[in-house]
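The values are calculated or read from the model by the stated rules, or taken from the named source; none is laboratory data. Note that the structure is predicted; figures quoted are calculated from it, not measured. Backbone-built Cβ (ideal geometry, glycine too); neighbour counts: all protein chains shown.
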Amino acid sequence: MTKLETIKNFVYENGITYFPISEEMESIGKHFFLDKDFELICCPSLASGGYEIEGMEYVADWIRNELTEAEKAELEEIAHRLYVRIEESQEGN
């Protein structure tokens with residue numbers, strides 16, 4: 001069992017269990033998270049700051065297909081940074 005498999009600080013909303021660590025991609029107006037299985041999920045960013053949790057959805061292929069190559073690369077970087085931040089948050093647990 002890895003360290004990440006023992007995490008207990010998940011959030012459960014709208015039928016999705018996810019880590020409460022996010023990153024925003026301003027160019028497409030979305031916040032991104034990783035779910036308990038490290039799948040990328042997103043929800044709309046709010047103009048006033050923060051995000052709309054009720055709009056949370058999995059980042060499916062159709063979402064990726066609508067992105068430019070630069071946005072796809074940024075999305076992959078976001079997913080990697082989220083994973084690293086989650087791992088770092090668990091050090092010492």
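Residue under question is Y51, and the condition is that it be modelled with pLDDT of 90 or more, touching a Cys at 6+ places or on another chain (Cβ under 7 Å) and among the aromatic types (F, W, Y); does it hold?
Considered against the rule, which asks whether it is modelled with pLDDT of 90 or more, touching a Cys at 6+ places or on another chain (Cβ under 7 Å) and among the aromatic types (F, W, Y), Y51 comes out as yes.
Of the conditions (1) modelled with pLDDT of 90 or more; (2) at positive phi, G15 satisfies every one except a single condition; which number is it?
(1)
Only residues in segment 37-59 that are free of Cβ contacts under 8 Å to residues at least 24 places away in the same chain count as the first member; pair them with residues that are in a helix (DSSP H, G or I), Cβ under 7 angstrom, at least 6 apart or cross-chain, and list the lot.
From segment 37-59, the pairs are C43/I53; C43/G55; P44/G55.
Out of the residues in segment 12-46 that are β-branched (V, I, T) and not in a loop (DSSP other than H, G, I, E, B), which is surrounded by the fewest Cβ atoms within 10 Å (Cβ to Cβ)?
In this case the residue turns out to be T17.
Filter segment 73-93 down to the residues that are loosely packed, with under 13 Cβ neighbours inside 10 Å and modelled with pLDDT of 90 or more and list them by number. Step through it out loud before you land on a result.
Taking segment 73-93 and keeping what is loosely packed, with under 13 Cβ neighbours inside 10 Å, we get 73, 76-77, 80, 84, 88, 91-93.
If the condition is that a residue be loosely packed, with under 13 Cβ neighbours inside 10 Å and modelled with pLDDT of 90 or more, then A73, E76, E77, H80, V84 are the ones that fit.
Find the residue count for segment 48-71, including only residues that are outside any helix (DSSP H, G or I), loosely packed, with under 11 Cβ neighbours inside 10 Å and acidic (D, E).
1
Would you point out which residue out of A79, A70 is among the aliphatic types (A, V, I, L, M) and closer than 15 Å to E24 by Cα?
Going through A79, A70 in turn, the sole match is A79.
Of the numbered conditions (1) touching a helix residue (DSSP H, G or I) at 6+ places or on another chain (Cβ under 8 Å); (2) at pLDDT 90 or above, L4 fails exactly one; give the number of that condition.
Status for L4: all satisfied but (2).
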